[in-house]
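Colleague: Quick one: structure below, then a few questions.
Since every read-out is calculated from the coordinates, none of them should be taken as a lab result. Small disclaimer: the values here were computed from a predicted structure and weren't measured. Cβ coordinates were reconstructed from backbone atoms using ideal geometry, including for glycine residues, and neighbour counts include every protein chain displayed.
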Number of protein chains: 2
Amino acid sequence: MLDYQPIDSCFKALADSTRVAIFERLSRGPASVSDLAKPFSMSLTAIGQHLTILENSGLIRTRKIGRVRTCSVDAAGLSRLTDWVAERRSLVERRLDRLGQLLAAEDEDRPISLINKGEIANE
Amino acid sequence: MLDYQPIDSCFKALADSTRVAIFERLSRGPASVSDLAKPFSMSLTAIGQHLTILENSGLIRTRKIGRVRTCSVDAAGLSRLTDWVAERRSLVERRLDRLGQLLAAEDEDRPISLINKGEIANE
DNA sequence: CCAATACTCAAGTATTTGCTTGACAATTGG
DNA sequence: CCAATTGTCAAGCAAATACTTGAGTATTGG
């Protein structure tokens, strides 16, 4: 529980399609290394390396019993991700809300000023 | 709106502390390339490259007026991230809930079986 | 007991990434 | 108009990443 790893280690862990697929698989339930490797045309070693990266990021945890290593999603690690994303989202949306109110409040006052500031999305 | 980029391109875009910092900055409001570059001891070119990566991932959008490129968070891109994370979270938590009910239901029936399946978190 | 099974480790390699520098283009304030 | 501001492009480079192979270690079903 002494991990204060920066958030980008989580993103780094998911910055690869194989690891995303593994994580998606694990969010449906625990699995062994060999199980996880099956869908991929890749050596078991490679999968093991991906799992190490996921584990170090805190997104999954693994436990070896006998010769089988069972992997599962670490709910706490996932929460770190959720929290970060939710925080950004709330910042962005709160700001867009304020902006909407501003635009509604002023009837025909210089609406160009905000566009120049880049506040307004345009396709 | 023709972007069906895989989710890992979002994660890839945030898999770097500089880009995370830029995105955090932008979630507080739009900024120019030079503004974004100020906190970093890095060339403007490098910041431009980071911005290209963020833009291609769909997480931000940029618009050039005159000689100034203004960058802002793309709410739709952020939603893609939010949705993916929320989906995994709900899968994990629903499963853990079912598990809790199972454990509560059986009084002293073989509680070891589930531990062997790796379903139960252990420190 | 022994041959699968299930990993694990070390070393090597091709590709990608995160920068740099230098030259250049476009815009704008005075 | 001209110099400063703001950004872009191309090329190059060191380090990181995503693999590989080959050899080795436990563990376990039959």
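Colleague: Between A:ARG28 and A:MET42, 0.36 nm times their residue separation minus their Cα-Cα distance comes to what?
Modeller: 2.9 nm is the gain from fully extending A:ARG28 to A:MET42.
Colleague: Hey, another quick one. In whole Hz, what ³J(HN,Hα) sequence does the stretch B:30-42 give by Karplus (6.51, -1.76, 1.60; θ = phi - 60°), x for Gly and Pro?
Modeller: Going residue by residue, I get x, 7, 7, 4, 5, 4, 5, 6, 3, x, 10, 9, 7 Hz, with x marking Gly and Pro.
Colleague: Which stretch or stretches of the stretch A:13-54 have amide N atoms under 12 Å from the point lying 7 Å from B:ARG98's Cα along the Cα→Cβ direction?
Modeller: Answer for this model: A:28-30.
Colleague: Now, a different point. List every residue whose amide H lies under 5 Å from the amide H of A:ARG69, counting only residues 5 or more places away in sequence or on a different chain, with H placed 1.01 Å from N in the peptide plane.
Modeller: A:VAL33
Colleague: How many Cβ atoms of partner chains, on average, are near each residue of B:74-82 if near means within 10 Å of its Cβ? If you can, show how the numbers build up before the last one.
Modeller: Working: counts 2, 5, 1, 0, 6, 4, 0, 6, 5.
Mean partner-chain Cβ count within 10 Å for B:74-82: 3.
Colleague: Which of B:PHE23, A:PHE40, B:PHE11 has the fewest other C-beta atoms within 10 Å, and how do the rest follow up to the most?
Modeller: Sorted ascending by nearby Cβ count, the order is A:PHE40, B:PHE23, B:PHE11.
Colleague: Can I ask one more? Name the long-range amide H neighbours of B:ASP74: under 5 Å, sequence gap of 5 or more, or other chain; modelled H, no Pro or chain starts.
Modeller: B:ILE60, B:ARG61
Colleague: Got a sec? How would A:LEU99, B:LEU14, B:LEU81 order by Cβ neighbour count within 10 Å, fewest to most? Write out the running numbers ahead of the final one.
Modeller: Working: A:LEU99 15, B:LEU14 26, B:LEU81 23.
Neighbour counts put them in this order, fewest first: A:LEU99, B:LEU81, B:LEU14.
Colleague: Spelling out what I want: for every residue of the stretch A:47-60, take phi, set θ = phi - 60°, compute 6.51 cos²θ - 1.76 cosθ + 1.60 (Karplus), and round to whole Hz; glycine and proline get x.
Modeller: Working through the residues one at a time gives 4, x, 5, 4, 5, 4, 5, 5, 5, 5, 6, x, 7, 10 Hz.
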